[in-house]
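This report refers to the structure that appears directly beneath it.
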Amino acid sequence: MRILVIEDDQKVAGFIQKGLIEESYAVDVCHDGADGAFWATANEYDVILLDIMMPKKDGITVCKELRAQGMAAPILMLTARDSVDDKIRGLDAGADDYLAKPFSFGELLARIRSLMRRSQTQKTAMLTLADLEMNPAARRVTRAGKAISLTTKEYALLEYFMRHPGEVLSETRIVEHVWDMNYDPATNIVNVYIHHLRSKIDKDFEPKLLHTIRGAGYMLKDER
């Protein structure tokens, strides 16, 4: 899943980015409202974390503009302000939730998970396809009852596939959701990770679930 952090405090932004990457999210960071608004519309994000007090454009203005353009991604406002009036302004601007600084990273993660559950009802507690199971809360993957060890990026890639079963996912779509703005299109990194993932979830099992759709992308499906 891909998250955009729009936060002018570089220490806070770095803290959030580091923690979210460790939790398997792809994370882009912008340090002012103008850049944040651009990136929010140029890419598809699952959640946007938006600070209120920023240079060039404040968070309230950015939020209003994104909603006016039809942006549906959940927006979590981050701010040092904790008054009722400020919360009302943020929510009225189109934000889905509000988190006052300082906050614990655990609370931030809980808010993000809550927003994802609310915005996409298909994101259930357990993700299952054939005998492949993923428990996002426990970050545990099994196939036929056997635990499968995945790297952070492999887990993020598999989660994206399991949230879109039976869909052809192009390399572009995969990159947009699993990698961040530092992705190098000259590499074959997506193919490499697909190969690694296939060796872990399919090599010793039947039926095969991860399929290459020639000229189009990849699909996770049960062909039985």
All conditions in (1) free of Cβ contacts under 8 Å to residues at least 60 places away in the same chain; (2) out of contact with any helix residue (DSSP H, G or I) (no Cβ under 9 Å at 6 or more places or on another chain) are true of Pro207 except (1)
Boolean, Ile48 is in a helix (DSSP H, G or I) and hydrophobic (A, V, I, L, M, F, W, C): no
Can you tell me how many residues within the range 134-154 are touching a Ser or Thr at 6+ places or on another chain (Cβ under 7 Å) and at pLDDT below 90? 1
Which condition does Arg118 not pass, out of (1) modelled with pLDDT under 90; (2) open to solvent by less than 70 Å² (accessible area, probe 1.4 Å), if it passes all the others? (2)
Look at Lys153 and say whether it is of a type in the set (Lys, Arg), touching a residue at least 60 places away in the same chain (Cβ under 8 Å) and either closer than 26 Å to Gly19 by Cβ or assigned to a strand (DSSP E or B) (or both). yes
Out of everything in the range 1-36 that is in contact with a Lys or Arg (Cβ under 6 Å, 6 or more places away or on another chain) and part of a helix (DSSP H, G or I), what residue ends up being least open to solvent (accessible area, probe 1.4 Å)? Gly33
Taking only the range 83-113 into account, find how many residues are open to solvent by less than 60 Å² (accessible area, probe 1.4 Å) and more than 22 Å from Lys64 (Cα to Cα). 6
For the range 195-207, give me each residue that is open to solvent by less than 70 Å² (accessible area, probe 1.4 Å), over 17 Å from Met134 (Cβ atoms) and of a type outside the set (Gly, Ala, Ser). Pro207
If you check Asp131 against the conditions, is it of a type outside the set (A, V, I, L, M), over 30 Å from Asp97 (Cα atoms), surrounded by fewer than 16 Cβ atoms within 10 Å (Cβ to Cβ) and at pLDDT 90 or above? yes
Selection status of Asp184, assigned to a loop (DSSP other than H, G, I, E, B), within 24 Å of Met126 (Cα to Cα) and of a type outside the set (Lys, Arg): no
Residue check, Lys64 against (1) open to solvent by 10 Å² or more (accessible area, probe 1.4 Å); (2) not in a helix (DSSP H, G or I), all met but one. Which one? (2)
Anything in the range 137-158 that is within 24 Å of Arg2 (Cα to Cα) and of a type in the set (Gly, Ala, Ser)? List them, or say none. Ala137, Ala138, Ser149, Ala156
When residues of the range 37-50 are limited to those that are farther than 18 Å from Leu115 by Cα and small (Gly, Ala, Ser), the one surrounded by the most Cβ atoms within 10 Å (Cβ to Cβ): Ala37
Out of all the residues in the range 190-208, which are touching a strand residue (DSSP E or B) at 6+ places or on another chain (Cβ under 7 Å), of a type outside the set (A, V, I, L, M, F, W, C) and in a helix (DSSP H, G or I)? Arg198
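The values are calculated or read from the model by the stated rules, or taken from the named source; none is laboratory data. No experiment lies behind these values; they were computed from the predicted model shown. Here Cβ is always computed from backbone atoms with ideal geometry, including for glycine, and neighbour counts include all displayed protein chains. The protein model used for the area step is the full one, side chains on, heavy atoms only, and it has no ligands, DNA or RNA in it. Shrake-Rupley method; radii C 1.70, N 1.55, O 1.52, S 1.80 Å.
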